[in-house]
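First comes the structure, then the notes that go with it.
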Amino acid sequence: MSNPNSKLAPAELLQENNHARESRADRRSLQRLFLEHNALVMLVVLAVVASVLSADFFTYQNLGNLLRQLTPLLLVSIGMLIVILTAGIDLSVASVAAVGGIVVAMTLNVLPVEGGGGLLLAVAIAVASGVLMGLVTGTFIAYFRMAPFIATLAMMTVARGLAFILSNGQPQRLDDRLVSAQLLRDFGRMADGVLGIPWPVWLAGLVTVVFALILRYNAYGRLTIASGSNETAVRLAGIPVERYKLAAYGICGGLSALAGVVIASRSGVATPSAGIALELDAIAACVIGGALLSGGKGTIFYTVVGVLVLGLIGNIMNLLSVPAYPQQIIKGAIIVIAVLLQGVGRRDARI
Amino acid sequence: MNAMHKPAVEMLDISKKFGGISALNSASFSARAGEIHALMGENGAGKSTLMKILSGAYVRDAGGVSMNGEKVDIRKPGDALKLGISIIYQEFALAPHLSVAENICIDDLGKSKGFVQWAAMRKKARAILDELGFSDIDVRQSVGSLPVAYQQAVEICKALSRNSSVLVFDEPTAVLTSHEADKLFRILDELRRKGACIVYVSHRMDEIFRICDRATVLKDGKTVGTLELADITERGLIEMMIGRELSDLFPPRTPCIGEVLLKVEHLCAGRLVRDVSFEVRAGEVLGFCGLVGAGRTETMRAIFGADRKTSGALYLDGREIHNRTPREAITNGIGLLPEDRKQQGVLLEMSIRINGALRPDSPYTGRMGWIANSRETQGIEALRQQLAVKTHSIEQLVGDLSGGNQQKVALMKWVDAGCRVLILDEPTRGVDVGAKTEIYRVINDLAEQGVAIIMVSSEMMEIIGMCDRVLVMREGAIAGELLGERIKEQEMICLAMGVEHHE
């Protein structure tokens, strides 16, 4: 009745399938490895390209300057990442940074406390103003269920307006005659710092480490990520998702204001128009670092990598003296490529 | 084997793998002309895969198909249609905006050159409909405007217009009312009389015993056997499907029922919960059954604070409690394992560790929210062993686990949380038999520790095998209560559908 040859065929077929599957699995795990670390690969490639293209790249002067310049973006990106982890977005970061800069400059001028204490107090007030603005948007998002895009868009214009009103539209100079203001100027200067590393970079490193630890080893961080990963399941586990969302916007606001302080420290002037388009660079850094805008996925480490990738792209083009406008086009193209590289893996991933 | 009884369709040693996982492993199946042949098995046993191979939706990895003794090669849906094999899926493959006639004669639409022969088409459709006793369907009506049962009739007529000799029905009564189902059974009977070979895929025992002649049982992608339904009891058939005795599936428990723990009074919520009152005692397993949409899940969600209740009161130990949010419910000692595992029960993108510790008061969180990593590892690892979650590490993503193991992970946090009342909504949906037994064992353990268990389930066997008492819901209200010997499938169905039952 049955043909003996047809009995053989399935076994052969099966074996063939096994080989095919194994090599496919190999390829897939390699692919996965690349996809998971593609931002890092990109960073290394860019660093190599940069050092080949220009002997000036691996100099203390260039790297220190680059990192110092990237500090505000890094601070904002960490805040942005925390918001993105909850499946949100914060468009107001640049405006909040401007308010932060204006507040610190103006507070320094009116505070009766001199010296380091005065500076710390002024920075604390600036950061608190950022936290407050974040909590306002956060409240609308978490408790009134407003779309994050809309609520933070509103705060973006409100905060920018606030920066202009507070400063009367005038740049606020850090007064060199005040010790506290002088300290802030010194903080932002290249030459100073410990172990040859500029102060802003120390600050960025500290913030990075603290938030990396919180996201990894603290229940707050874990539940923030969980809320973005599957809000319904987390809520049904009895966890007040709203609080975690609210806190995310508060933190993002605080870090944005701190970024504004760093920007002011660098130039010695706080301008109400500071930081324009910073939010887009921050979102780009998170996305290049593999964060999912739908929430629940992203790490501090890779966000830092994303920031460095963005910074290196700009630095390389400056070293090559590419004019500013083509720079923008190239940057946009690289963001798209970074996301495409991540997307390849997602298509066959679980839904 | 004489020529008279050559099977109309025969599938031999069919194997099919998806991404390394075997869906069918040398499964065989054969059905004769003029019979209704039930294809049975648990979820994931391979029924749909086998039928999709027959219809050309999937291509088999190994094995052969023959019809009336001749080998055939089915590689795409068109091949099967040409051979006269039609499948009527639960989701109809109809064009809702086209007329009944166009749908029935949809193959002719492409064939006629230039102009559609409307009159001829309508006549043909009319004839087929009349033959099946659907004279009341207007062939010019658009299919989308027909009731579901009539849409199914159109689907059957479409199959007949192709002169199909093999008709596969995939859970056809799932979308029908009992009256409509009766009509379908008459049609099936008629088709059988005319010599069609009908394959009937269904879970419903009563239907299978009512209309089918023989049954083939699949389990884990293999054929367990084919038998005359006259020779076997319902229980025997179930035991064949699950591959073990029923008493093995449901681990024994000596009920030790204590005081009333949770008392629900006149609970109303939304449209689907209307004046529900009941109580559950410590150590008791209380079953909730009913049709889909009877309001069981909604009742549980309202008790748990996931949905707002409009009126009614909850009492725990005789003291009134207010569960406005799940958090409050959990603080009050009430847990809920949600119905939809992937959307509500687990975080698929996160590790077993994080899922297992997902609680507002995780015992592994110390001062300032810092997590005691090694203590958590030990705790979650112990839970993993207690629940027999099959994985090499608690760092594995839950999305990479099988359905059964995912459900165990979803259960983890509740096992550990010290709940006094635990609500389980469809705790074994989409779970394989082995994992089912393990989940039942965990439920029994919790009940023995004095936890009051409320189990919502659509699987009658599960309710019968596990529960001390059963409440049947219908249209948002409790339709009746069954105790001890009265916990039977027939009784539950009658209460759920609201029909009188006489022994």
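In the stretch A:262-303, whose amide N lies under 16 Å from the spot 7 Å out along Cα-to-Cβ of B:Leu397? List them in ranges. Of the residues in the stretch A:262-303, A:290-299 have backbone N under 16 Å from the label point off B:Leu397.
Put in line by how crowded their Cβ is, counting other Cβ atoms within 10 Å and starting with the fewest, A:Phe301, B:Phe134 read A:Phe301, B:Phe134. Can you give the % of DSSP beta bridges in the protein assembly as shown that are antiparallel, to the nearest 5? Counting DSSP beta bridges with both partners in the protein assembly as shown, the antiparallel share is about 55 percent. Using the Kirkwood radius over C-alpha pairs as Rh, can you work out the diffusion coefficient of the stretch B:380-486 via Stokes-Einstein at 10 °C, viscosity 1.306 mPa s, in µm² per second? This corresponds to a translational diffusion coefficient of 106 µm²/s. Largest first and in whole Å, the equivalent-ellipsoid semi-axes of chain B read 46, 27, 22, each the square root of five times a Cα gyration tensor eigenvalue. Where the alpha-carbon atoms of the stretch A:43-187 are placed on the principal axes, they occupy 52, 45, 26 Å, in descending order. Along its three principal directions, the equivalent ellipsoid of the stretch B:157-196 from the Cα gyration tensor extends over semi-axes of 19, 12, 8 Å, largest first. If the Kirkwood radius is taken over C-alpha pairs of the stretch B:148-296, then at 20 °C and 1.002 mPa s the Stokes-Einstein diffusion coefficient equals 111 µm²/s. I need the Debye-formula profile for the protein assembly as shown: one equal scatterer per C-alpha, no solvent, reported as log10 I(q)/I(0) at q = 0.09 1/Å, two decimals. Calculated log10 I(q)/I(0) at the listed q: -1.05.
Fewest neighbouring Cβ atoms within 10 Å first, the residues B:Val9, B:Val65, B:Val224 line up as B:Val224, B:Val65, B:Val9.
The calculated Kirkwood hydrodynamic radius for the stretch B:114-163 is 11.3 Å, given to one decimal from all distinct C-alpha pairs. Legend: Rg and Dmax of the stretch B:7-129, from Cα coordinates, 17.3, 52 Å.
What you get for chain A, charging only the Cβ of Lys and Arg (+1) and of Asp and Glu (-1), is a dipole of about 660 debye around the Cα centre. Computed over the stretch B:100-245, relative contact order equals 17 percent, with contacts defined as Cα pairs under 8 Å that lie 6+ residues apart.
Per residue, the convex hull spanned by the Cα atoms of the stretch B:215-316 measures out at 157 cubic angstrom. Placing +1 on the Cβ of every Lys and Arg and -1 on the Cβ of every Asp and Glu, with no other charges, gives the stretch B:399-484 a dipole of roughly 100 debye about its Cα centre.
With the Kirkwood sum run over all distinct C-alpha pairs, the stretch A:207-300 has a hydrodynamic radius of 14.9 Å.
Each stretch of four or more DSSP H residues adds -39500 (n - 2.57); spread over every residue of chain B, this sum gives -9500 deg cm²/dmol at 222 nm.
For the stretch B:77-220, the antiparallel share of DSSP beta bridges with both residues in that region comes to about 10%. Our analysis of chain A gives Rg over Rh at 1.09, with the two radii drawn from alpha carbon positions and Rh computed by the Kirkwood formula. Taking the number of Cβ atoms within 10 Å of each Cβ as an exposure proxy, the fewest-first ranking of B:His179, B:His203 is B:His179, B:His203. Once Lys and Arg get +1 and Asp and Glu get -1 on their Cβ, which of B:Pro363, B:Gly305, B:Ile334 lies farthest toward the positive end of the dipole of the stretch B:294-372? About the Cα centre, the residue reaching furthest to the positive side is B:Pro363.
What are the semi-axes of the equivalent ellipsoid of the stretch A:142-291, taken as the square roots of 5 times the eigenvalues of the Cα gyration tensor, listed largest first and rounded to whole Å?
On the way: eigenvalues 218, 91, 32 Å².
The answer is 33, 21, 13 Å, longest axis first.
If R0 is 45 Å, the Cβ-Cβ spacing of B:Gln141 and A:Ala147 corresponds to a FRET efficiency of close to 0.60.
Under conditions of 4 °C and 1.567 mPa s, the stretch B:312-397 yields 87 µm² s⁻¹ as its translational diffusion coefficient, taking Rh as the Kirkwood radius over Cα pairs in the Stokes-Einstein equation. Spatial offset of the stretch A:116-144 relative to the stretch B:436-502 amounts to 54 Å, using the alpha carbon center of each.
Put simply, the Cα atoms of the stretch B:198-275 extend 50, 36, 25 Å along their principal axes, the longest span coming first.
The A:Ser267 and B:Asn373 beta-carbon pair, evaluated with R₀ = 41 Å, returns a calculated FRET efficiency of approximately 0.40. Placing +1 on the Cβ of every Lys and Arg and -1 on the Cβ of every Asp and Glu, with no other charges, gives the protein assembly as shown a dipole of roughly 2020 debye about its Cα centre.
Quick one, can you get me the convex hull of the C-alpha atoms of the stretch A:267-343 expressed as volume per residue in Å³?
127
Across the alpha-carbon atoms of the stretch A:114-193, the computed radius of gyration and Dmax are 16.6, 48 angstrom.
Mind putting together the pair-distance distribution for the stretch B:127-211? All Cα pairs, 5 Å bins, whole percent per bin, short to long. Going from the shortest bin to the longest, the percentages are 3, 13, 27, 27, 19, 9, 2, 0. The slack between A:His37 and A:Ile165, meaning 0.36 nm per residue of separation minus the straight C-alpha distance, is 41.6 nm. Once C-alpha pairs closer than 8 Å and six or more residues apart are averaged by separation and normalised to the residue number of chain A, the relative contact order reads 32 percent.
Laboratory data are not the source of any read-out in this text; all were calculated from the coordinates shown. Because the structure is predicted, anything quoted here is derived from the model rather than measured. Cβ: placed from backbone, ideal geometry, glycine included. Neighbour counts: every protein chain shown.
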